[in-house]
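> I'd like to ask you about the structure that follows.
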Amino acid sequence: MENKIVVSGIRSTGNLHLGNYFGAMLNYIKMQDQFPCYFFVADYHSLTTHPDPAQLKPNVFKVLAENIACGLDPNKVTLYVQSDIPEIPELYLMLNMMAYKGELEKTASFKDKARTQPDNVNAGLLTYPTLMSADILIHKAHYVPVGKDQEQHLEMARTFAQRFNHRYGDMFPEPHPFNFGNELIKIPSLDGNGKMSKSENENATLYLCDSDDAIRKKVMKAKTDQGPTEMNSEMPIDIQHVFALLKLVSAEDTYQKFVANYAACTIRYGDLKKQLGEDMVQFIAPIREKTKEIQQDTNYLHRIMKEGKEKARASASRTLDEARKKMGINFYA
Ligand code: TRP
């Protein structure tokens with residue numbers, strides 16, 4: 001086990017889909033065997049958009065269950081809920097003294113949200129990067145497995161860490177993005193428009209909670225064309241996408257058979273999609289069922305959350321004590 005610390009936050013809104021699985025999730029699962037990992041459900045972050053309180057709790061349980069069902073092992077990683085760790089908002093307050101209005105306003109995600117939700121440009125939204133920095137720095141993380149969209153936030157975490165170190169004395173390592181390369185696999189959406197995503201086209205995205213029928217239906221509607229007219233022709237992008245999905249979930253010889261059919265112009269997309277639909281069901285159904293099982297086992301989830309909370313707080317309170325001491329707010333020591 002390397003002694004580099006890993007931290008990552010999991011959003012508690014939206015359903016996990018195949019893109020999340022082959023991107024972030026597989027990375028986490030690989031990392032859990034190689035590094036001490038802290039993974040948490042970012043429920044405080046979700047408050048920026050005022051989610052329905054009746055929805056928040058089941059969403060947190062669901063995302064925990066989904067992650068465990070996909071292979072995240074609570075015995076290997078510290079898995080917790082952000083709001084269980086009071087040390088995080090305390091560090092957030094300290095870091096906010098080092099975060100300037102101008103730079104926060106310039107953050108791409110803030111500008112985006114300010115434009116799309118002009119009626120709710122709250123201070124929590126503005127200081128989202130400071131909260132994320134606190135999440136990371138509270139465990140003195142070195143590596144943060146995140147996608148491209150989070151790189152600016154991570155850069156800000158480095159800036160705040162440097163400012164703190166400079167003003168009060170060295171204590172935070174600089175956190176850097178990390179992944180094993182899985183994120184280079186972009187899972188194409190089924191309608192030929194970009195990649196699968198949480199919010200865009202629900203019918204073009206395969207969710208880990210989709211029913212067998214929903215999976216089959218969505219796959220059957222995947223965008224294809226009239227088929228090749230010349231032997232060994234190159235695949236148009238939409239066809240490449242369908243083949244990419246087949247490669248992910250089907251047996252190698254199945255995949256090769258369809259590749260050969262394509263080259264010989266004997267391909268029948270109906271057959272291909274039928275096969276893909278079945279293989280997709282075989283892939284997703286066990287994850288979906290396992291998730292349901294875990295989700296219903298509140299005792300188990302409570303136990304996991306409490307154990308995670310204890311481990312995370314042990315690490316967090318060490319960091320916070322050190323920060324307080326460096327700042328001179330340790331009156332009873
Ligand atoms: N902002 C991240 C996202 O939207 C989630 C997140 C919150 C996070 N805190 C974090 C990721 C700390 C990595 C580290 O996906």
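The values are calculated or read from the model by the stated rules, or taken from the named source; none is laboratory data. This structure is a prediction, so every number in the text was calculated from the model and none was measured. Neighbour counts are summed over all protein chains in view; Cβ atoms, including those assigned to glycine, are modelled from backbone coordinates with ideal geometry.
> Looking only at segment 301-320, decide whether some residue is more than 30 Å from L137 (Cβ to Cβ) and modelled with pLDDT of 95 or more.
no
> Among the numbered conditions (1) away from the ligand (no atom under 12 Å from the Cβ); (2) of a type outside the set (G, A, S); (3) outside any loop (DSSP other than H, G, I, E, B), tell me where F172 comes up short.
The failed condition is (3).
> For a quick check of your reading: which strands (runs of 3 or more DSSP E) sit entirely within segment 1-89 and have at least 2 residues that are among the acidic types (D, E) and more than 14 Å from the ligand (Cβ to nearest atom)?
none
> Further question: State which residue is modelled with the highest pLDDT when the search covers only segment 196-251 and only residues that are crowded, with 20+ Cβ neighbours inside 10 Å and small (G, A, S).
S250
> Same structure again: Which ones in segment 114-126 are within 15 Å of the ligand (Cβ to nearest atom) and in contact (Cβ under 8 Å) with a residue 40 or more places away in the chain?
G124, L125
> For segment 43-51, state whether one or more residues are among the β-branched types (V, I, T), closer than 16 Å to G308 by Cα and in contact with a Gly (Cβ under 9 Å, 6 or more places away or on another chain). Walk me through how you get there before you give the answer.
To start, the set of residues in segment 43-51 that are among the β-branched types (V, I, T) comprises 48-49.
With the extra rule that they be closer than 16 Å to G308 by Cα, the set shrinks to none.
No, because not a single residue in segment 43-51 is among the β-branched types (V, I, T), closer than 16 Å to G308 by Cα and in contact with a Gly (Cβ under 9 Å, 6 or more places away or on another chain).
> Related question: Report, ordered by the first and then the second residue, all pairs with beta carbons closer than 8 Å, sequence separation of six or more or different chains, a first member in segment 158-170 that is in the same structural domain as A99 (by TED's automatic domain parsing), and a second member that is assigned to a helix (DSSP H, G or I) and surrounded by fewer than 17 Cβ atoms within 10 Å (Cβ to Cβ).
Listed by first residue and then by second, the contacts come to T159/E103; Y168/M327.
> Another question about this same structure. Kindly indicate whether L301 is surrounded by 15 or more Cβ atoms within 10 Å (Cβ to Cβ) and closer than 20 Å to Y207 by Cβ. Give the derivation first.
Numbers: surrounded by 15 or more Cβ atoms within 10 Å (Cβ to Cβ): yes; closer than 20 Å to Y207 by Cβ: no.
No: the conditions fail for L301.
> Now, a different point. Collect the residues in segment 128-156 that are within 17 Å of the chain's Cα centre (by Cα), part of a loop (DSSP other than H, G, I, E, B) and surrounded by fewer than 23 Cβ atoms within 10 Å (Cβ to Cβ), keeping them in residue-number order.
Once the filter is applied, which keeps residues that are within 17 Å of the chain's Cα centre (by Cα), part of a loop (DSSP other than H, G, I, E, B) and surrounded by fewer than 23 Cβ atoms within 10 Å (Cβ to Cβ), segment 128-156 yields V146, G147.
> In segment 229-251, is there at least one residue being on the phi < 0 side of the Ramachandran plot and touching a His at 6+ places or on another chain (Cβ under 6 Å)? Before you say what the answer is, go through the steps one by one.
As a first pass, look at segment 229-251 and keep what is on the phi < 0 side of the Ramachandran plot: 229-231, 233-251.
Still in the running and touching a His at 6+ places or on another chain (Cβ under 6 Å): none.
Within segment 229-251, not a single residue is on the phi < 0 side of the Ramachandran plot and touching a His at 6+ places or on another chain (Cβ under 6 Å).
> Show the residue pairs that are 6+ apart or on different chains and have beta-carbon atoms under 8 Å apart, the first residue being within segment 85-106 and over 25 Å from F39 (Cα atoms), the second being among the basic types (K, R) and in a helix (DSSP H, G or I).
Cβ pairs passing all conditions: M98/R163; M98/R167; E105/K111.
> Can you name the residue in segment 189-247 that is free of Cβ contacts under 8 Å to residues at least 60 places away in the same chain and of a type in the set (D, E) and, of all such residues, is farthest from G147 (Cα to Cα)?
Looking at residues that are free of Cβ contacts under 8 Å to residues at least 60 places away in the same chain and of a type in the set (D, E), I get E230.
> Which is within 11 Å of the ligand (Cβ to nearest atom), closer than 19 Å to V81 by Cα and in contact (Cβ under 8 Å) with a residue 60 or more places away in the chain, of P145, P129? Can you show your working first?
Details: P129 fails: in contact (Cβ under 8 Å) with a residue 60 or more places away in the chain.
Going through P145, P129 in turn, the sole match is P145.
> Do we find that L47 is more than 21 Å from G71 (Cβ to Cβ), of a type outside the set (D, E, K, R) and touching a residue at least 60 places away in the same chain (Cβ under 8 Å) in this structure?
It is true that L47 is more than 21 Å from G71 (Cβ to Cβ), of a type outside the set (D, E, K, R) and touching a residue at least 60 places away in the same chain (Cβ under 8 Å).
> Here is a follow-up. V146: β-branched (V, I, T) and modelled with pLDDT of 95 or more, yes or no?
On the way: β-branched (V, I, T): yes; modelled with pLDDT of 95 or more: no.
No; evaluated as a whole, the condition is false for this residue.
> Determine which single condition I136 fails, assuming it passes every other condition in (1) within 13 Å of the ligand (Cβ to nearest atom); (2) of a type in the set (V, I, T); (3) not assigned by TED's automatic domain parsing to the domain that holds I88.
Only one criterion in (1) within 13 Å of the ligand (Cβ to nearest atom); (2) of a type in the set (V, I, T); (3) not assigned by TED's automatic domain parsing to the domain that holds I88 is unmet by I136, namely (3).
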